[in-house]
Amino acid sequence: MGRETAVSFPPRRIVSIVPSQTELLHDLGLDAEVAGLTKFCVHPAQWRRSKMQVGGTKQLHLDRIDALQPDLIIGNKEENDREQIETLARRYPVWMSDVRSLPDALDMITRIGEITDRAAQAIELSSRIAQAFDELKAFVAGRSVRRAAYFIWRNPWMAAASDTFIHEMMGRAGFLNAFGHLERYPEISPTQLAAANPDVILLSSEPYPFREKHFAAFSACCPTADIRIVDGEMFSWYGSRLLQTAGYLRWV
């Protein structure tokens, strides 16, 4: 992101404000070092009980973070509020990621390993993830290309388009994004969906918890589409969860 951050090494009181990166810190063995996390940091489950919750990713309780006096805060450009990040950066070392592709994710993992004194573990983890995705590439190579639309929200319908990590994972799974000509997370009307006419409609389990009861509205626009509920964590979490993602995408 073009920012410089001076961090006391190794950091001893870390606040993680991004769920997928919180899970990464756990898998790097930083239980004693992580002091705070958000209410959306659901993995690992035991940390929700033992660590201080500092609010949501975009609505942090700065007073709770102040109480922890962290020597490192780990965030993400897309998931966190810029104004709050700038406020925190005036008080504490704040390290930010900007992840939109698999190479970005692997770079993030190794960099977090470096700044938390877990470099060797992070390099091993990123190598295992890269290998799993190489195997996925070979697996999906023989598939016919399927045009897909991936929805993250209802009322209004919002889809994942280009320049998103979800778009990247769709491509890795062998899908052609029906809304790949648009940017980020556009609102999609029923008319637009009907015109796009995707082969597959993927309804994410998060951030909106789609259920089978929502299929009818999409079927009305695209009667021949294959409609599926998919695990949103597998498409949008870019930390150590990626070890599971490559296997999951084989069967979507």
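The values are calculated or read from the model by the stated rules, or taken from the named source; none is laboratory data. This structure is a prediction, so every number in the text was calculated from the model and none was measured. Cβ atoms come from the backbone with ideal geometry, glycine included; neighbour counts cover every protein chain shown.
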Going through segment 2-49 one residue at a time, which ones are among the acidic types (Asp, Glu) and either surrounded by 17 or more Cβ atoms within 10 Å (Cβ to Cβ) or modelled with pLDDT under 95 (or both)? 4, 23, 27, 33
Qualifying residue in segment 233-245 (condition: assigned to a helix (DSSP H, G or I), of a type in the set (S, T, N, Q) and buried (at least 19 other Cβ atoms within 10 Å of the Cβ)): yes
Within segment 210-252, the count of residues that are out of contact with any helix residue (DSSP H, G or I) (no Cβ under 6 Å at 6 or more places or on another chain), farther than 30 Å from residue 107 by Cα and not aliphatic (A, V, I, L, M) comes to 13
With respect to residue 57, is the statement that it is farther than 21 Å from residue 113 by Cα, among the hydroxyl-bearing types (Ser, Thr, Tyr) and surrounded by fewer than 17 Cβ atoms within 10 Å (Cβ to Cβ) true? no
Flag if residue 107 is under 25 Å from residue 3 (Cα atoms) and loosely packed, with under 15 Cβ neighbours inside 10 Å: no
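If I filter segment 60-77 down to residues being of a type in the set (Asp, Glu) and surrounded by fewer than 16 Cβ atoms within 10 Å (Cβ to Cβ), which single residue comes out as nearest to residue 120 (Cα to Cα)? It would help to see each step written out before you state the result.
In the first step, residues of segment 60-77 are kept if they are of a type in the set (Asp, Glu); the result is 63, 66, 71.
With the extra rule that they be surrounded by fewer than 16 Cβ atoms within 10 Å (Cβ to Cβ), the set shrinks to 63, 66.
Values: 63: 34, 66: 31 Å.
Of everything passing the filter in segment 60-77, 66 is nearest to residue 120 (Cα to Cα).
What is the residue count in segment 224-250 for residues that are of a type in the set (D, E, K, R) and over 19 Å from residue 203 (Cα atoms)? Lay out the reasoning, then the answer.
At the first step, the residues of segment 224-250 found to be of a type in the set (D, E, K, R) are 226, 228, 231, 233, 241, 250.
Keeping just the survivors that are over 19 Å from residue 203 (Cα atoms) gives 241.
So the answer is 1.
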